[in-house]
Amino acid sequence: MTIKEQPFKAVKITDRVYWVGAIDWTLRDFHGYATQRGSTYNAYLVLADKITLMDTVKKPYRDEMLSRIASVIDPSKIDYIVSHHAEMDHSGCLPEIIDIVRPEKVFASAMGVKALAQQFHHDKNIVAVKDGEQLSLGAMHLTFIETRMLHWPDSMMSYLAEEEMLISQDGFGMHLATTDLFTDQHDQSVIWWEAAKYYANILLPFSPLVLTLAERLGKLNLPVKYIATDHGPIWRGDGVGQVVAKYVEWATQKPTAKALVVFDTMWESTALMARAIAGGLAEAGATPRVLPLNGAHRSDVATEILDAGALIAGSSTMNNNVFPSLADVMTYLKGLKPRNLLGAAFGSYGWSGEAVGHLQTMLTEMKVAIAAEPVKVQYVPTRDDLMKCRALGMQVGEALGKAAKG
Ligand code: FEO
């Protein structure tokens with residue numbers, strides 16, 4: 001089957017810009033992030049005097065992208081390729097595409113040039129562009145905006161002035177496989193959950209840089225009609241301002257009344273404690289969100305933490321340690337560097353009871369402010385033990401109320 005015979009077509013965004021990416025309907029794990037709704041790898045074709053391909057796709061999707069391009073133009077007519085980010089979901093087929101298309105020039109940030117060389121050990125000539133540099137495509141113009149560590153050292157965005165389009169790479173994206181190209185064509189609860197999930201799992205550690213970027217975009221005061229991301233649907237109209245405002249909110253992580261109770265249990269004692277803690281939180285005016293780790297994926301816990309003010313972690317002791325599920329989630333959360341959290345630890349044990357101490361250490365290492373003494377129960381909690389759990393919940397809840405007001 002030739003490229004042209006494949007059943008993939010480009011989708012028009014404007015008269016001069018087409019979406020030519022690929023849809024990954026079956027992706028369920030993105031390096032440890034659960035992607036229940038699949039994803040897209042977006043690439044954009046700009047029909048300027050210099051025909052420009054903005055990004056490529058994951059390697060197995062090369063022909064899908066080529067087929068979409070071929071539905072508009074002969075791929076060999078592409079003059080320029082811009083690689084905004086070297087991670088392989090966007091650059092995996094870049095060396096092959098360069099060989100097939102033979103463009104006049106390929107552009108990346110200086111760190112991108114380096115990362116592409118170190119990943120692909122290729123022999124291609126890739127031109128490094130600088131922050132703020134303008135590239136003429138003839139009657140259209142691109143301006144490059146370096147966004148180092150959002151979320152890789154090489155990451156950059158670009159602004160296509162004539163279409164008022166920000167090609168934002170991973171920024172403002174989401175893992176959502178779809179043929180509906182714009183966010184406003186979707187159920188908004190899905191859009192905002194997936195956008196928050198993407199922020200929490202990919203961008204949260206770099207929140208201070210997100211705030212710097214938002215400030216910079218504000219100062220540049222560029223008119224933006226579209227934010228064309230490299231994953232999921234495109235923001236347009238009111239969605240543009242809304243997603244930028246949400247990014248500022250998520251990056252700021254102001255304390256809220258929501259408290260996560262994250263735990264795992266062996267014989268239900270720690271689960272009973274979690275229920276009593278949730279009761280205490282509610283009594284103090286907080287909003288408990290109880291997440292048993294036998295049913296919550298680490299990337300969903302990360303999403304829940306984005307608008308939470310407290311993290312209360314519980315585990316039974318297993319082989320002198322925390323449950324493996326707690327070790328997994330706490331290690332993952334620590335790497336994401338959530339901010340402004342209060343917390344506490346709890347758990348049951350049979351004879352040695354180290355888990356609660358380990359959790360307390362993990363919380364402290366995550367810079368969670370301990371708001372209540374830990375509660376540790378041998379075997380099955382008594383009524384008194386459960387009252388102590390309720391008191392722990394109330395104490396955290398009251399501290400949360402004060403933090404949210406402050
Ligand atoms: Fe979508 Fe950082 O790659």
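The values are calculated or read from the model by the stated rules, or taken from the named source; none is laboratory data. Bear in mind that the values here come from a model prediction, so they are computed numbers and not experimental data. Positions of Cβ are backbone-derived with ideal geometry, glycine not excepted, and every protein chain shown enters the neighbour counts. Surface accessibility is based on the protein's heavy atoms, side chains included, excluding ligands, DNA and RNA. Shrake-Rupley method; radii C 1.70, N 1.55, O 1.52, S 1.80 Å.
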When residues of segment 101-124 are limited to those that are modelled with pLDDT of 95 or more and over 26 Å from the mean Cα position of the chain (by Cα), the one farthest from Ile81 (Cα to Cα): His121
message: Take the conditions more than 15 Å from the ligand (Cβ to nearest atom) and open to solvent by less than 20 Å² (accessible area, probe 1.4 Å) and apply them to Val57. Does it pass?
response: no
message: Suppose the filter is within 15 Å of Thr270 (Cβ to Cβ) and assigned by TED's automatic domain parsing to the domain that holds Arg339; does Lys367 pass it?
response: no
message: Can you go through Ala284, Ala313 and tell me which one is more than 30 Å from Tyr247 (Cβ to Cβ) and not hydroxyl-bearing (Ser, Thr, Tyr)?
response: Ala284
statement: Within segment 79-94, the residues that are within 20 Å of Lys50 (Cα to Cα) and either surrounded by fewer than 22 Cβ atoms within 10 Å (Cβ to Cβ) or modelled with pLDDT under 95 (or both) are Asp79, Tyr80
query: When segment 125-151 is examined, which residues are found to be buried (at least 19 other Cβ atoms within 10 Å of the Cβ) and within 25 Å of the chain's Cα centre (by Cα)?
result: Phe144, Ile145, Glu146, Thr147, Leu150, His151
query: Looking at Lys50, is it under 25 Å from Ala139 (Cα atoms) and basic (Lys, Arg)?
result: yes
message: Going through Ala115, Ala70, Ala86 one at a time, which residue ends up being touching a helix residue (DSSP H, G or I) at 6+ places or on another chain (Cβ under 7 Å), within 16 Å of the ligand (Cβ to nearest atom) and touching a residue at least 24 places away in the same chain (Cβ under 8 Å)?
response: Ala86
query: Across segment 1-24, what is the number of residues that are surrounded by 11 or more Cβ atoms within 10 Å (Cβ to Cβ) and modelled with pLDDT of 95 or more?
result: 16
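Find the residue count for segment 314-362, including only residues that are of a type in the set (Asp, Glu) and part of a helix (DSSP H, G or I).
Residues meeting the conditions: 1.
One line per residue, one yes/no per condition, for (1) aliphatic (A, V, I, L, M); (2) assigned by TED's automatic domain parsing to the domain that holds Trp192; (3) under 27 Å from Ala110 (Cβ atoms):
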site	(1), (2), (3)
Gln6	no, no, no
Gly32	no, yes, no
Tyr41	no, yes, yes
Leu53	yes, yes, yes
Arg68	no, yes, no
Val72	yes, yes, no
Tyr80	no, yes, yes
His85	no, yes, yes
query: Where residues in segment 344-389 are under 20 Å from Leu260 (Cβ atoms) and of a type in the set (Asp, Glu), which of them is most open to solvent (accessible area, probe 1.4 Å)?
result: Glu373
task: Scan Asp99, Asp123 and give me the residue that is farther than 30 Å from Gly335 by Cβ, away from the ligand (no atom under 16 Å from the Cβ) and part of a helix (DSSP H, G or I).
output: Asp99
